[in-house]
Each structure stands twice: as structure tokens, then as C-alpha cells.
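Bear in mind these aren't lab numbers, they're just calculated from the coordinates by the rules spelled out. The structure presented is a predicted model; accordingly, all values stated were derived computationally and were not measured. Please note: Cβ atoms are built from the backbone with ideal geometry, for glycine as well, and neighbour counts cover all protein chains shown.
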Amino acid sequence: MPEDVRELIRKAPLSFVGTVTRLGDARVADVPVDERTAVVQVDAVLHAPDAFKKLAGSEVTVQLSAELDPPAVGDAAAFFTDGTVYGQGLAVHEVGRLPADAVQPHLSRAARTADAMPFSALERDIEDEDMVTHADEADAVVIGVVVGLEQAGRRQAGGEQAGVEGVSEHTPNWWLAQLDVGHVEQGDVTEGPITVLYPNSRDFRWFQAPKPHASQEGMWFLHATEGALAEWAPFQILHPDDYQPVQKLETLQARR
Amino acid sequence: MPTLKIVNITPVALSGNRTQDAEPDLAVNPEHPNEVVATAFTPDPMGGSLAPIYVSTDGGDTWILRSIVPGGTPTLGTGDISVSFASEGGALYAGILNAKASLQDILRMQILRSPGISSTAPMEVLVSRDRPDQPAVVAGSFETDGVTRDRVYVANNDLGRAPRTAAVDVSDGARTAAPPAGFVRNRVEQRTPDGQDGPPVRIALHPEGTVYATFESWQNATDGGGDIVNVTFDVVVTRDDSGGVGANPFQDLKDADDSAIGQRVATGRVEKFNAFMGQERLGGDLAIAVDPTDAARVRVAWCDRVGASAGVGCILHVRHSTDFGQTWSDDVRTVTNAKNPALAVNTDGLLGLAYQQFGQEQWATVLELTADDWQTPPERHVLHQAPANVPTARFLPFLGDYIRLLTVGRDFYGVFSGNNTPDHANFPEGVTYQRHADFVSHQLLDLDNVTRVPPSIDPFFYHRTA
């Protein structure tokens, strides 16, 4: 019984349909070669990080899984892989494999739709699953509009007023967003104004945290503050997924 | 006849890369200088939990990425990272800020070890401590009682020990000992600053064991609004004649004026911490180098703001001492609107200064070499110059809070990050790209060698032979 495609996508960041052109060989220096090292011509990319979406037409060195029967030269299959070496070429190790026929419907569907990749629809589905998991971990989930923004406290050497860190390039620069909550989906929160703490720094450490802006409406995943930060606000948002477009509420409700 | 080569180290397999690979660092194996490791804010290309290092085994001509640094996240890679090879045996050491901990609002420094450049195993965590900032690693190897040991220094700004935060973690047996591998935290700030010291703490290690540390002792720090802190600081140098591994480490240099430990090289300097120059932030630029042929000869570079907090720009200063850091020259070199000083001295006594300068809406990365502290015109190389508004910064720092310059014997090795637009006009000394690039149309090209890739920030390696 072939492994579920969704599970393979979760385990492998890169998948492609490819044809084995050589066994016991490699296209990348610094890769140890044995009988399970294969050179595979990439025929079509199924899902990939942005930097590898144009991999079709390339030869990839694949360290085949020891748990799967090795393919023969000339065999085509859907390879689910993770990267190992990035040099003159790409070397990956195999996480899973499906017959090429098993992914043909996805290739056909991608050709008929605006999807960037054959597995784009499955990836969106997985993202929605993850959003639900993330919501379950939040202390509150609300729909609210940003009605006020202000800096929390003043910076000072040795530590922010209610923070614990001194001044560094990585200081969060805490700000307060006032949300006018119109709907409470989860948590012990009432409709009306609520204050939320967020790091306004654009430092490497914080740039992915949501940065609320005036009049922005969204679904906010709120996490209870602790310690000194609780002096400023009852909740904070840190994770990139703590903001979702308001339209995602329907998805959240449907999946629960 | 000296030669200079500059290489964009993003490999072919990452031709589609669009990430902001800022804040580079570099290590060259002194026993085998063809073995080079570089680092940057580069996430694992496949979104894995180990961040990559850039590896070259042919002197920097070609590079691969190998993900072996723990603490990465799918989109962040590691936080600050600094690397150094021991001078014998090939062990590689790193100091990082763990990115995964950052997502939980924890500033966590870790000291890492790898047995050598060929190792594909995740680096071993030797030390993990919360709140130190900006680790900077220098490693050496020293023989004691017939046994060669790796002596490793990890300078850091330990905000957990405020107000005297400038610190250096030292191990005299880092190569083989089990974690924590003998690392001991040493405070190098002995005065009482205003709340804390500045983020950069830097080390210069002489081959015979004398070690210097320099830091910015914050004398006054006040809120400047937004992200900005107005800082008045002293540049301080400390020294240890026993390698920092004896009793009372880093206490062998006392100030000629107040007799306190740590000679002040400059006092009452001003910076607007987190102010901007172009798309780049400012604050805390510091470098130190010791002449490998004479432990008494040491140079320091820093950046400050002329005209105090009401002033503008960022001025780079270089000073030298010929008496083990006791007395210091006036400025032997100043550079206007520059940041990220990096210093190194080769075995001919030739001093190298690398920096990044903002002017005419461009960032230029410059290497200067001088044998007489700029009394005569230096050998000057503009390594890179490119529009400062390309690409749009996704995060700070845009280019990095530091770059690095090293010497092995008579050769200089360096690394910087910059706008990767493939345009020969941006590289007056020439350049080699690994990734697909069309220098006629000035376009980066994806893996298919057809699809255009927008410009981003890449790390560049350079090597100046004697």
C-alpha cells in the first residue's frame, strides 16, 4: 500500500517525478557514493521551496532509501526527498517514493488550473491543518480591528521597563496594539477593546512577527503574557501565523 | 605580484535563492588554507532545522552548503554566528544565537564544535546560556606539557550579568573535552558602565598566547525614541599575557590614568544605536588585530558619530599601540560614513582594514592594506559597490552588523555581504559567480538558466595573496 501523499509532503520538502539515469554514481562532489546512490533526471517538480521550483530538466543526485526497493536505470517514479548538499548540483536523500502513475492526476490537475505546482492544493490543505493546530495552542482567537498603536515603555540600558532584556540589536521594541474585538472564537475574552503586545523590531529575530497596522482587520491568535510582560498587556502575538486574514475564520470553523 | 579574487559563494544549486544572506563570518584552516568555511543569515534551503555553513575545499573557488548548525528554524536559519578553526588539528568552532529559542523570546548563545571541515554531523553543543549577545569566536592551538590543546575564545555581551556585560568565554581544552569542554566565563569589563556595555566584544590572539579583548563601555545610554538609544561610550582594551587561562584573566593591562583594569583608547564617543544609514542600522562597530610578529603591536577600529547625538553619519577610526595597548596613537585613519570595520595583520606586518561605506546611495566594500599606518597611500581595493536601495531590506541588519578579515601567513582572506546584481560595474576588481547570472543583462537566473531571479543579498569571499 503506497504511503499517503499528504504524509510524504509533510516529511519531504522536495518532490519530483524523475527518471533514473545512473546507479552508483553522483553529480555532486563531496557525496559518498554506493550502490544506492542514483542520478535522477527531474521531469517535473511536484512541490518545492521557492529556490527549487525550476529544478525540472536538472540532474539530481539521490541517496535512495534503504527501506525501499531500488529502482532500475530507466525507471520513472515520484521521489520525495530532503536536501543534503548544495553545490555544483543538488544532492538529496530519499524519504519516500510513489509510482509515477500515482501522481499523474496531480500533474494533470495542475495543468488545468492556476496552481503553481502539482501539489499546491495539498500544500494549502496542510497549511490549513497547521493553522487549526496553531489556533488550538492559542489562549484566545478573536476577530478584531486595530484601533490604536503605541510604544510600550521606554528603552533603557540594562533592560526595558517591563522587559527582561537589555539593549541589543535584538531587543524586541515592544509595542501595544489595541484591538476592537467583534467576535470571540476561542478563549476567555469579551467583545470590545483589548490590548495586545507585539515586537515592532525589524531585527532578524523579530521581523516575521506580525506588525499590526492602523485599521487592519484580522483573525488574531493571542497568547497570554507572563512575568514582566504581563504588566503591559494580557496577550502577545509573536508567531508569524498569529495573524490570519479574516476570511480564514470560515476555514477554522469548518475544520473543527 | 599580489592577486585578488572575489567569489560570490552562493552555489549553482541555489541559483533560485532569494534570501537576505547578511552578516557573514569566515574561518580559514591555518594548516590547510584551501579549507574555508563561511556563514551568514542563510536558512536551510529546504527549510530544515539545521542551519547551513558554506564550505570550500579549494581555496574559495567553489562552494557547497552543508546544514550542520543546530538551532535553525525553517525560515530563519541560525541567529548571529561566528566561526573559527583551531590553528592545529582542523577542529571548527562556532558561537551562535539559537534562532529556535529566539522564537520563544529567548536570547540563547551556544558554543559549538565540529571535528573538521569534512564532518556532516550536526555540530556538538558545548555551552548553552541565555542572554549573551553577539558571540565572536577566535580559536588557536597551544602546546602545554607536550600536548597540543585548542584554546577557544568566545567574546560576547552577556546581558545576564548587567551592568558589566562585556565577557569572554574561554576554554583551554576545547578539542576533545566533553561539554562544556572547559569553557569558563570571564568578565572583561571591570568598571561600572551605565546599565551595560555595547554588543560587540572582539578578540585578537597572538600566536604566542598574548590575547587582547576590546569592548565599548557604555557610559551613558538614554532613550532616543523608537528603536534608537543615544549612547556615550569609551573604547576599552584589556589584555592577558597568559592566554586568558590563568588566574585573574584579562587583567594585565591597567589604564594609565585611573589605574583601573582596561586601557581606554578613546573616551566620550557618541553613537545613535539603531539609527539608519541607507537601509542599514548602525551601532556597535568594533575590531581589533595584533601583529603576529610582535605581540606589542595592536590596532583597534571603531565607529562613532561626529557632532554627538545631534550629528550625522558614522565615522570609522583606527588607532595603534606599540606597547601592548598601554598608549595609543591619535587616529591613523578615519573613514566617513563607514561601518563594519575588520582588521587583520599578516606575517609581513602588513595591516588590512576592510569596511563598508555608504555614499551616493551606494554601499561600497573596501579593503585597504598599509605597511605604515597610512603615512603613505595604502593599497586600496573597492571589492564591491552597488545601489544601496536594492533589494528592499526584509529585516535588519541589511548587510550585517559585522564582516570579517583574516590572515594566514602573508595572505588576507575576507567575507562581506552585498547586493548580488551581476554587473561588472559593481565589481571593479572582478568577480566570479557560482550561481547562474547573466552579466550582460545584469540578471540572476534560476536553475533553468532562463527564469529571472530578483536581486538579493549574497555573501562574497575574497582572497588577496602576497
At R0 = 35 Å, how high is the FRET efficiency between A:ALA224 and A:ARG112 if r is their beta carbon distance? Nearest 0.05 is fine.
0.15
Modelled label reach - A:VAL145, point 7 Å along Cα→Cβ, segment A:218-252 residues with backbone N closer than 16 Å
A:218-220, A:246-247
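Provide the net charge surrounding B:GLN443, with neighbours chosen by a C-beta distance below 15 Å and charges set as Lys +1, Arg +1, Asp -1, Glu -1. Display every interim value, and only then the final one.
Numbers: positive: A:LYS54, B:ARG18, B:ARG435, B:ARG452; negative: B:ASP423, B:ASP438, B:ASP446, B:ASP448, B:ASP458.
So the surrounding residues net to -1.
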To the nearest 0.05, what FRET efficiency results for A:ALA72 and A:VAL246 with a Förster distance of 51 Å applied to their C-beta separation?
0.45
A:GLU35: net charge of surrounding residues, Cβ under 12 Å, Lys/Arg +1, Asp/Glu -1, itself excluded?
0
Report, in whole Å, the centroid distance computed from the Cα atoms of segment B:5-58 and segment B:337-399.
20 Å
By how many nm would the segment from A:ARG10 to A:GLU217 lengthen if fully extended, with 0.36 nm per residue of separation less the alpha-carbon distance?
71.4 nm
Spatial extent of segment B:93-184: Rg and Dmax, with the Cα atoms as the point set, Å
13.7, 46
Interchain or sequence-distant (5+) residues whose placed amide H lies within less than 5 Å of the amide H of B:GLN362 are B:ALA388
Segment A:215-256: relative contact order from alpha carbon pairs under 8 Å, six or more residues apart, as a whole percent, is 45 percent
Between B:SER119 and B:THR392, take the C-beta separation as r, use R0 = 56 Å, and let me know the FRET efficiency to the nearest 0.05.
0.90
Distant-in-sequence amide H partners of A:LEU90 (H built 1.01 Å from N, under 5 Å):
A:THR61
Taking the Cα-to-Cβ direction at B:ASP294 and at B:ALA466 and moving 7 Å from each Cα, how far apart do the two end points lie in nm?
1.7 nm
Quick P(r) readout (segment B:179-290; Cα-Cα; 10 Å bins; whole %) gives 14, 40, 30, 15, 2
Give the Debye-formula value of log10 I(q)/I(0) at each listed q (0.05, 0.12 Å⁻¹), with one equal scatterer per alpha carbon of the protein assembly as shown, two decimals each.
-0.25, -1.38
Sparse-neighbourhood loop hits (chymotrypsin sites (Phe, Trp or Tyr not before Pro), segment B:262-319; DSSP loop; Cβ within 10 Å at most 10 others) -> none
Whole-number percent relative contact order across chain B, with pairs defined as alpha carbons under 8 Å at least 6 apart
15 percent
Expressed in angstrom and rounded, the centroid-to-centroid distance over alpha carbons for segment B:117-177 and segment B:404-443 is 31 Å
Positive-end extreme of charge dipole, segment A:138-255 - chosen from A:PRO212, A:HIS170, A:TRP232 (charges on Cβ)
A:HIS170
Give me the percent relative contact order of chain A, please, defined on Cα pairs under 8 angstrom at least 6 residues apart.
14 percent
So, with +1 on the Cβ of K and R and -1 on the Cβ of D and E, and no other charges, what is the size of the charge dipole of the protein assembly as shown about its Cα centre, to the nearest 20 debye?
760 debye
Segment A:14-84 to segment A:170-247: how many Å between their Cα centroids?
43 Å
Scan of chain B for GluC sites (Glu not before Pro) in DSSP loops with at most 12 other beta-carbon atoms within 10 Å gives a longest site-free stretch of B:1-207
